[in-house]
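What follows is a short report on a single structure.
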Amino acid sequence: MSIRSWPRDERPRERLIQRGPQALSDAELLAIFLRTGRRGQSAVELARELLAAFSGLRGLLEADRETFAARPGLGDAKYAQMQAALEIARRHLGQALQRGPTLSSPAQTRTYLTALLRDHPSEVFGGLFLDNRHRVIGYEELFRGTIDGASVYPRELVRRALAHNAAAMIVAHNHPSGVAEPSAADEALTDRLRGALGLVDVRLLDHFVVGDGEPVSLAERGVL
C-alpha cells in the first residue's frame, strides 16, 4: 500500500506538519526525504530497509558517495541532496552561535563543534575565534592529521588569532576512535597553546575533545 493510501493522520509529511518533526521516527523522516519508494515498497519501507543496511541514520549520513549511491532507491542526486542538507544544518548551527556570546550557550557550542568535527576519519583541529565579548568572529579548520593525530603549531594558531583580531579562542579536535577522553598529550598541548596565545593577550577559554558522545571540556577538567 502506497503512503498516499494511508489515512492522512498516519502519513509522515502530514504528521510532521501537525505534530512537528520530533514526533516522527528516523524511518519516517527519511521517507519524507526520499519522497517515493520502489515498486511494491513504500517510501517508509524503503527507509527502514536503508536504515537496517547502514546500521542507522548516522551510518547512512556518513556513507561515502559510492556506497550511498549504489543502493537501490538512492543514487548521486540523493547523495548530493543529503550532503546539502547536512551542510545547511551545520551552517544554521554556526549562525545561531554567532548571535550571542558562546559562553552563554555552552550546549550550542558543543553541538556546533560536534557537527563540524565528529565524523572526520582523521584527526582535525579547529578553532573558534571570539571578540572581547566572547561572540564568535569565525571558525577555521587549522590542522589535519592522520587517524592517530594532528601536528598543531602554536605559532600558526597565534598568527590566525591575530589575523582575526580575536580577544579569545575556543579550540577543539576530534578523536576518530570515538573515545573523547583527553590524553596527556592533549593536556600538554592545551598548556602550550594557552601560553602562546597569552603572549599576544588572547585568552584560551576552552579545549574540547570530540568523540561519539558528549565532547569533553578541558576547562571543566581543570586544565584551563
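The values are calculated or read from the model by the stated rules, or taken from the named source; none is laboratory data. Small disclaimer: the values here were computed from a predicted structure and weren't measured. Using ideal geometry, Cβ is built from the backbone for each residue, glycine included, and neighbour counts are taken over all protein chains shown. Areas reflect the complete protein model, heavy atoms only, side chains present, ligands, DNA and RNA absent. Shrake-Rupley method; radii C 1.70, N 1.55, O 1.52, S 1.80 Å.
A few remarks follow.
- For the stretch 18-170, carbon and sulfur atoms together expose 49% of the accessible surface, with a 1.4 angstrom probe and every protein chain in place.
- For the chain, the longest principal axis of the alpha carbon atoms and the long axis of helix 76-97 meet at an angle near 40°.
- L51 accessible area, 1.4 Å probe, all protein chains in place, Å² to nearest 10: 30 Å²
- Cβ-based charge dipole, the chain, positive-most Cα from Q18, V158, A185: Q18
- Among the trypsin sites (Lys or Arg not before Pro) in the stretch 14-45, those placed in a DSSP loop whose Cβ has at most 13 other Cβ atoms within 10 Å are R35, R39.
- Available extension along the chain between V200 and E66 is 43.6 nm, counting 0.36 nm per residue and deducting the alpha carbon span.
- Hull shadow area, averaged, the chain [alpha-carbon convex hull, nm²]: 13.9 nm²
- Antiparallel bridges, percent of DSSP beta bridges restricted to the chain (to nearest 5): 70 percent
- The residues of the chain expose on average 55 square angstrom of accessible surface per residue, using a 1.4 Å probe on protein heavy atoms.
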